[in-house]
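Since every read-out is calculated from the coordinates, none of them should be taken as a lab result. Everything numeric here is computed off the predicted structure, so don't read it as measured data. Ideal geometry is used to build each Cβ from the backbone, glycine not excepted, and the neighbour counts take in all protein chains shown.
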Amino acid sequence: MISTTTLNYSVEQIVKSFGGAKALSGVSMSVSSGEVHCLAGENGSGKSTLIKIMAGVHSPDSGVIRLADKEFARLSPREAVQEGVQVIFQDFSLLPNLTAAENIALPTYIYENSKFISKKATLKIAQEAIDLIGVDIDISLPVTELSIASKQLIAIARATNLGVKMLFMDEPTTALTRKEINRLFEVINQIKARGVATVFVSHKIDEIQEICNTITVLRNGEVVADGLMKDFGPKEISQAMTGQDVLTTRITPPLKPNVQKVLEVSGITAMPAFSDISFSIAPGEILGVTGLLGSGRTELAEAIFGKYQIESGEIKVNGVKMP
Ligand SMILES: Nc1ncnc2c1ncn2[C@@H]1O[C@H](COP(=O)(O)OP(=O)(O)O)[C@@H](O)[C@H]1O
Ligand SMILES: [Mg+2]
């Protein structure tokens, strides 16, 4: 069941300290139904603290929380859930010993104070929730057997099942591949079309621009920019997050083409880890090697250091072929 009634949620002048350190110093933010609101900011800027306050996990030191037509000095997790606020934390808070279906349905049983739980009813509740967000996952599997992306979708299905009106997602794309991010964005757009407000926490500018309508940028616990996404370009977002002008000139490496390379790797192969890898590095260069988990980055580095056996190809250090 996804609610179709609208919800406005705002916080005003929220202050929160941990010990002597101020995490938030007077933050205001407002979110409405059908909006994907980006909460952006560098690490440590206060994003997680703010959403924990809005979800009733932390109490603010001062400030006002306005949820629907009610005003709170602090919110309990139960009050937040009753108003339709759900959070998907970075660990998803799923119960590892239960199946995906049980994870989705259990809170509904608890919420409804049900005395009887049948396997059939559980599967029905969970399948409906999964169908509603339009994904295909085997819900009879224990959650430990699901990928990170699927676990996240199970957490979203659970939230929508609890009548979510406002969904907070804390850095949801961190551990996902580009394909999984696309699927997540499709789901976010679907629940958006049903009138749910989503607060999308991120510091990745391309993703923010792709999925969000509105934005609040935090820096050192303060709002440094907010407004409509269309009024912000990548430069403005980056500048707001860092407080620094963005360097737009392309840096060309100060290299001479005939300089002696420090490392030359030609066509090295070590199946199944990698095959036919070639690159070279000159003095003063920094070479980045990137790829998804399991793509062979580690084995490549180990092979260059002689720890991982290569089958063919050659490695030269300062022009000298390595044995
Ligand atoms: N439970 C906590 N105890 C002490 N300090 C905390 C706690 N949670 C957050 N902080 C501090 O508050 C600041 C903001 O953190 P956080 O809200 O996690 O930032 P973000 O999510 O933007 O990375 C940081 O300096 C962090 O160290
Ligand atoms: Mg955080």
Worksheet item: Can you give the three extents of the C-alpha atoms in segment 124-279 along their principal axes, from longest to shortest, in whole Å?
Response: 67, 47, 24
Worksheet, complete the sentence: Compactness summary of the chain: radius of gyration and Dmax from Cα atoms, Å, are 24.4, 78
Worksheet entry | Label-to-label distance, nm, for residues given as residue 21 and residue 179 (7 Å Cα→Cβ offset) | 3.9 nm
Worksheet, complete the sentence: Extension length gain for residue 204 and residue 113 (0.36 nm per residue less Cα distance), in nm, is 28.7 nm
Worksheet item: Which of the peptides 100-112, 36-48 is most tightly packed, and how do the rest follow, judged by the mean count of other Cβ atoms within 10 Å per residue?
Response: 36-48, 100-112
Item to complete: Compute the Rg/Rh shape ratio of segment 54-167: radius of gyration over Kirkwood radius, all on alpha-carbon atoms.
Response: 1.02
Worksheet item: Can you give the % of DSSP beta bridges in the chain that are antiparallel, to the nearest 5?
Response: 65 percent
Fill in: Rg followed by Dmax, in Å, when segment 263-321 is reduced to its Cα trace
11.2, 32
Response to the item:
Largest first and rounded to whole Å, the semi-axes √(5λ) derived from the alpha carbon gyration tensor of segment 80-136 read 18, 16, 13
Worksheet item: If the chain between residue 90 and residue 280 were fully stretched, how many nm would it gain, using 0.36 nm times the residue separation less the Cα-Cα distance?
Response: 64.6 nm
Worksheet item: Rg (Å, one decimal) plus Dmax (Å, integer) for the alpha carbons of segment 106-171?
Response: 12.2, 36
